[in-house]
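Report on the structure given below.
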């Protein structure tokens, strides 16, 4: 299959009634565990219907939202067709399976799991081939020598075509492969592969190597919104609620709350705190007690700096959530839905 | 909505009339009509036109497969049809006309002609262009701007330069894709990242055959004979070739000047020919038979009454479809912008039929008319 027929990805969902928000989540394996953990961190519990085989469920505490449990590939397809509003899927699948991702979906936030690279890998024995330029050179004379073009085994047909075109490689054939792609060169059914790899161990075990500039995409699981779905008021409200919890958890995880008491403060000090540590005042100071918010990585340095400026005690704490009236995730989605 | 439907029907009827007029012209010139099947094996086109072309195909197949496609063009199906006929290998003049299907532009009408098996290449080239232009005119085409190219002339020139194989390949593929010359000739770091330098130094005392044998032996000790379709010998050869390319060296100043001068030639055929002869004498790169053939063809074109002075020959005529092996041309109504695509195009493709199963090379030249682009400014 060569990706999506254009008709499917360009027609909006056919939901005529104002429906609930549909959140598509992976239905099995490591990806499901990670997705559930991600939603759980944000205080959102996905509950599958009776038995593990039921593919529908609910999100506890969020009315007007339904969960659908599907394969990552099916999640991507439904987002593209507008049959789900939000979904968890890999960026690799979004780029491969949707003809024009920018018009169909919005990648809201990377989720920090399911990391893998889509790479171009050739036999290790090709000691003369280290870069895409080398590969272009080999492809250019391969037909003359062998009477056929280079064969590339992959399930990433569209991704491969785009990347090879960028590197001016035209004379090759794609051999579609949906499993055990890395075995294709040894089996003689292809000359090289484009495949997804996490550690490169499988490639090495099959005597393959990634080209120096052959990383096509550094992919990970993303929270993805469909622009093709029908966004009823109920669906919007449910999405706003879910995204604000996700954003609140994300901000809480990435920042630390710093508490201290300072006798003497100046405008200059605040400005330096801002510019050097990206620290901001979280509350109006009350009798010399200050509460700052600072990126997690800079909390120790900022604390040292406060001590150097007269603080006797500085405490750094983690928060569960930081809710804000302005929710960047929802704002971005709302802007795209409004046609931005 | 009714108006839209009516307008579309009118366009269709007009294009059909144009197609019929062109076909009548082909028949009068002695070309026999053939119509290959609408449903074609997709691999046929992907193999010859490149994987890039997959995006232009309407793919289908049994049980949701993708091994078939709607006919995206005529030359390859007509060639197969000819090879399967009792005329295979004999001279045959064939015309065609009907719908083609390309993703992005949907269904459109194409007509054209192919001439197989004629050894008098220059005359056949001139005839195909002449008959195609007559047919376009009969179909109501406005005044055309015509551009010409010649793949065999470019090949003859590059052969004379005796370039390092890596540079030759780079220029060939770069030009075919229409890349800017300056970028193609840019001196680059050794493609192999310098990893071969040490090996090469170690091998310096050994002759070329010995060095290749040594690398081959090393690969065979590692248990590698053929991996991913490339033999140990082939890998060894390219490895040494890359190692020998001097880091950051270009093609050499003299050759670069010559290449730049050659690829700057763009003029009416007779003026271009004079410039090519001048360049040949000055630099000692005589183009010999290829340039003689060029002049002979110009003579035949003039004899047919084609206005050579209105044509532009360019050494940079891109041939992204790499089965073209000689004369190439494209024409567009003068009122149409360049990026809208040619209304008429074609050329010589002597090597194609062999790749489709012919025993040896069979001379072939053809032209295609995009009927819906005949109307001037769209």
Restricting attention to region A:201-222, and to residues there that are assigned to a loop (DSSP other than H, G, I, E, B) and touching a residue at least 60 places away in the same chain (Cβ under 8 Å), which single residue is surrounded by the most Cβ atoms within 10 Å (Cβ to Cβ)?
-> A:207
Select from region A:142-157 the residues that are more than 8 Å from every other protein chain (Cβ to nearest Cβ) and within 24 Å of the chain's Cα centre (by Cα) and write down the one among them that is surrounded by the fewest Cβ atoms within 10 Å (Cβ to Cβ).
-> A:155
Just give me the residues in region B:35-55 being under 23 Å from the mean Cα position of the chain (by Cα) and either loosely packed, with under 14 Cβ neighbours inside 10 Å or away from chain A (no Cβ under 14 Å) (or both), in sequence order.
-> B:36, B:40, B:43
Restricting region B:56-79 to residues that are within 12 Å of chain A (Cβ to nearest Cβ) and surrounded by 21 or more Cβ atoms within 10 Å (Cβ to Cβ), which is farthest from the chain's Cα centre (by Cα)?
-> B:69
Filter region A:113-131 for residues that are more than 7 Å from chain B (Cβ to nearest Cβ) and surrounded by fewer than 21 Cβ atoms within 10 Å (Cβ to Cβ); which is nearest to residue A:33 (Cα to Cα)?
-> A:113
Single condition residue A:139 does not satisfy, out of (1) in a helix (DSSP H, G or I); (2) at the interface with chain B (Cβ under 7 Å from one of its Cβ atoms) = (2)
Scan region B:134-151 for residues that are buried (at least 22 other Cβ atoms within 10 Å of the Cβ) and under 21 Å from the mean Cα position of the chain (by Cα) and jot them down.
-> B:148, B:150, B:151
Consider residue B:67 carefully, then state whether it is more than 26 Å from residue B:139 (Cβ to Cβ) and in contact with a helix residue (DSSP H, G or I) (Cβ under 7 Å, 6 or more places away or on another chain).
-> yes
So which residues in region A:158-176 are closer than 20 Å to residue B:67 by Cα, out of contact with any strand residue (DSSP E or B) (no Cβ under 9 Å at 6 or more places or on another chain) and within 7 Å of another protein chain (Cβ to nearest Cβ)?
-> A:170
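Looking at region A:223-325, what strands (runs of 3 or more DSSP E) fall wholly within it and have at least 3 residues that are surrounded by 15 or more Cβ atoms within 10 Å (Cβ to Cβ) and in contact with a strand residue (DSSP E or B) (Cβ under 6 Å, 6 or more places away or on another chain)?
A:255-261, A:289-295
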Take region B:271-288 and flag every residue that is part of a helix (DSSP H, G or I) and crowded, with 16+ Cβ neighbours inside 10 Å.
-> B:272, B:273, B:275, B:276, B:279, B:280, B:283
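Read-outs: derived from the displayed coordinates by stated rules, not from any lab. Since we're looking at a predicted model, the values are computed, not measured. Because the Cβ atoms are built from the backbone with ideal geometry, glycine has one as well, and the counts that use them run over all protein chains shown.
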